[in-house]
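Some notes on the structure that comes next.
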Protein chains: 2
Amino acid sequence: MKLQLAIDLLDQVEAAKLAQEVEEYIDIVEIGTPIVINEGLSAVEHMSKSVNNTQVLADLKIMDAAGYEVSQAIKFGADIVTILGVAEDASIKSAIEEAHKHGKELLVDMIAVQNLEQRAAELDKMGADYIAVHTGYDLQAEGVSPLESLRTVKSVISNSKVAVAGGIKPDTIETVAAEKPDLIIVGGGIANADDPKAAAKKCREIVDAHA
Amino acid sequence: MKLQLAIDLLDQVEAAKLAQEVEEYIDIVEIGTPIVINEGLSAVEHMSKSVNNTQVLADLKIMDAAGYEVSQAIKFGADIVTILGVAEDASIKSAIEEAHKHGKELLVDMIAVQNLEQRAAELDKMGADYIAVHTGYDLQAEGVSPLESLRTVKSVISNSKVAVAGGIKPDTIETVAAEKPDLIIVGGGIANADDPKAAAKKCREIVDAHA
């Protein structure tokens, strides 16, 4: 089971510093969509030059021009790139093809997917590396949790890895880890903690205990 | 009927130069998603400082953290911001609220929306300023056109304006304009033309002839 730190609300310099501080406890560091929108792919490049053995995920949430966007993210140092599960099949397929051509991975973000079971099965067949159930900020505010969706996706896929994201914190990661996803994504639970290093260490220990 | 130039594949300096060259013929200039991903919102800022009476649209294709993303785009000079029609209602509503708070507009991009008629009616009720039928690059490659979708959306909305995008060129804009949308979006048809100014002029004349 892998642990990913998602960084959404810092600038690229602060994001890289945070990643270095907690690097020993995480497998993947994510440059979140808000940073990409604010600063562009230079934030991904800066992160990839700032970490050592940690993979870098570029949360582009691609919707169109998928092959081009994946190639750009990889050019700037991304190991994993995200596309939206609601995107057209043609976009998903060209994103997967482009990522694999470079030996990189594609994560499909299932945010706002309505027919979760059917779509996960389709994406699994298309060759998605990760399928991520994700309760976004705007639905977290309404009290929605991604746990039930995680079970649904796990039950229908056979090749893809399953990731889970959405408001997971050191205090709540235990119940998520108990479901044995392949990847748990923690954002503010580490990034906004008083002691990010201690929060990352706690998450790592719980993830490892369930691995 | 308004005319928008979408710029996707230039850097921010070249994009601003192109906008200045054709400014007399267009109402809105779009910083496309690929530029936002490559360079961030500084591209929107540079464009807004480079044009005079032309509105600037930031094609963020927002999917989450909608209020925050709209406020950021406006801070960097956007007059119109885009969100995806497939986003959750909570996201759409907070995006509309944030845009209107600043006297700006929201365009909902219907790319990959499956239940077009129902969703357009919902977005019209939520107060979307523009509803844009959009055949993306990845489906244009399969020969899909947005005209039928334009008729569908026009038939169900009563308050929103209707926009149309997807492979429209000086040679094909006539049939689109004949459908009388409120906004026609042309990208490569102007940006990649041998003479962008002549292409923009031709588009403007056809748009005005149908206004």
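The values are calculated or read from the model by the stated rules, or taken from the named source; none is laboratory data. These numbers come from a predicted model, not from an experiment. Counting neighbours? That spans all protein chains shown, and the Cβs are built from the backbone with ideal geometry, glycine included. Just so you know, the surface numbers come from the protein's heavy atoms only, side chains and all, with ligands and any DNA or RNA stripped out. Shrake-Rupley method; radii C 1.70, N 1.55, O 1.52, S 1.80 Å.
For this structure, a couple of remarks:
- Interface burial in region B:78-93 reaches 20 Å² or more for B:L84, B:V86, B:E88, B:A90, comparing the full protein assembly with the chain by itself; accessible area from heavy atoms with a 1.4 Å probe.
- Cα-derived Rg to Rh of the protein assembly as shown, Kirkwood definition: 0.98
- Distances between equivalent label points of B:D11 across the copies, with each point positioned 7 Å along Cα→Cβ, amount to 2.1 nm, shortest listed first.
- Two-decimal log10 I(q)/I(0) for region A:75-135, as the Debye equation yields it once each C-alpha is a single scatterer, q = 0.24, 0.27, 0.29, 0.30 Å⁻¹: -0.95, -1.16, -1.30, -1.37
- Cα centroid separation - region A:80-114 against region B:1-74, whole Å: 25
- Shielding by partners - mean other protein chain Cβ count within 10 Å, residues of A:63-76: 4
- Applying 1/(1 + (r/R0)^6) with r as the Cβ-Cβ distance of A:H100 and B:T172 and R0 = 35 angstrom yields a FRET efficiency of 0.50.
- Relative contact order [Cα under 8 Å, 6+ residues apart], region B:145-211, whole percent: 31
- One way to sum up the overall shape of chain B is the equivalent ellipsoid from its Cα gyration tensor, whose semi-axes run 24, 21, 15 Å, largest first.
- Estimated inter-spin distance, B:K75 and B:D182, nm [label 7 Å along Cα→Cβ]: 2.8
- When the Gaussian network model of chain B links Cα atoms closer than 10 Å, the mean-square fluctuations of B:A198, B:A163, B:A15 top out at B:A198.
- The stretch between A:E148 and A:K93 holds 17.1 nm of extra length on full extension. This uses 0.36 nm per residue minus the Cα-Cα distance.
- Under the criterion of Cα pairs below 8 Å and six or more residues apart, the relative contact order for region B:1-207 equals 20 percent.
- Set A:K61/B:K2; A:K2/A:K154; A:K2/A:K180; B:K2/B:K202; B:K2/B:K180; A:K2/A:K101 screened for pairs whose C-alpha atoms are more than 18 Å apart: A:K61/B:K2; A:K2/A:K101
- Region B:1-207 - percent of accessible surface contributed by carbon and sulfur, probe 1.4 Å: 46
- Inter-copy label distances at B:Q114 (7 Å, Cα→Cβ; nm, one decimal): 0.8
- Annotation: per residue accessible area for the protein assembly as shown equals 39 Å², rounded to a whole number [probe 1.4 Å, protein chains only].
- Within a Gaussian network of chain B (alpha carbon springs, distance under 10 Å), most fluctuating of B:V133, B:V113, B:V81: B:V113
- Residues of region B:117-139 that bury at least 10 Å² of accessible area when the other protein chains are present, relative to the chain alone (probe 1.4 Å, heavy atoms, ligands and nucleic acids excluded): B:Y137, B:D138, B:L139.
- Buried solvent-accessible surface, both chains (A, B), 1.4 Å probe, Å² to nearest 100: 2700
- Within the protein assembly as shown, helix-based [θ] at 222 nm, where runs of 4 or more DSSP H residues each add -39,500 (n - 2.57), nearest 500: -13000 deg cm²/dmol
- 1.4 Å probe, heavy atoms, protein only - residues of region A:29-57 losing at least 40 Å² accessible area vs chain alone: A:I37, A:N38
- Here B:K125 yields copy-to-copy label distances, from shortest upward, of 3.4 nm, the label point defined as 7 Å from Cα along Cα to C-beta.
- Residue with peak Gaussian network fluctuation, chain B [Cα springs, cutoff 10 Å], from B:T135, B:T175, B:T54: B:T175
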